[in-house]
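Asks: Here it is, the structure, as C-alpha cells.
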Amino acid sequence: MRRAAIRIFRMLGAGACLLTTMAHGAGSWVATAPALQAALVERPVASAPLAPPDPALARGQMMGQVSWQFQPPSGVEVNAALCHLGGCVRLPAPRGHTEALAGLPADTTLHFEFSLLDRRQRVVTLQGLQVIVNHAHDETLRNR
C-alpha cells in the first residue's frame, strides 16, 4: 500500500502538492501589472488592479503574508505603497514581504502607488510590478 502511494505521489509530482494545499484550504495567487511612469512628488500614480486570477479560489479565505516586487531604474528610489480600498502599506524597498494586510479577504483587489522621492527627479518608469498573496482560512492564520 505504501509503495503504491509513493508511486502515485511521484507520478503526480507538483500536482500532489497542490492537492494537499487545497485540502488544507490554503493557497496563493499571483498578479502582475503593466509598467507605469511616476512623474510627480505630491501626486501618486496607481498601477492597474492586482486581483486573483480566479476569485473563487480565494473567496472565504484571508490574506496572510503578501510579497511584492517592482523594478525602478538602476540607482533610482521612489515612494512606493501597496494599497487596497481601505488604505496603503508603505513599501521600504523594491522587493519584500509584509504581514500588514493579513486578515483582509483574500479576494481583495490591490494596486501599487508610486510617486517621486525628490522634485528634481525626472519621470521614472517602474516595471515588473507583481504581488504574491498567500491565503488561508481564518482559523489557519490564527494558529500560526
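None of the figures in this text is laboratory data; all of them are computed from the coordinates on show. None of the values given here were measured: they were computed from a predicted structure. Note that we place each Cβ from the backbone using ideal geometry, even for glycine, and neighbour counts take in every protein chain shown.
Asks: Tell me the label-point distance for the pair residue 46, residue 138, using the 7 Å Cα-to-Cβ offset, in nm and rounded to one decimal.
Replies: About 2.7 nm, to one decimal.
Asks: Please list 3J(HN,Hα) in residue order for segment 107-116, calculated via the Karplus relation 6.51 cos²θ - 1.76 cosθ + 1.60 where θ = phi - 60°; whole Hz, with x for glycine and proline.
Replies: With the stated coefficients, segment 107-116 comes to 9, 5, 7, 10, 7, 8, 10, 10, 9, 6 Hz.
Asks: Let me ask something additional. Once amide H atoms are built 1.01 Å from N in the peptide plane, which residues 5 or more positions from residue 104, or in another chain, come under 5 Å H to H?
Replies: Distant-sequence amide H within range of residue 104: 63.
Asks: Contact order normalised by length for segment 76-134, with contacts defined as Cα pairs under 8 Å and 6 or more residues apart; what percent is it?
Replies: Across segment 76-134, relative contact order equals 40 percent.
Asks: Give the separation of the Cα centroids, segment 52-68 to segment 83-144, in Å.
Replies: Here the answer is 13 Å between Cα centres.
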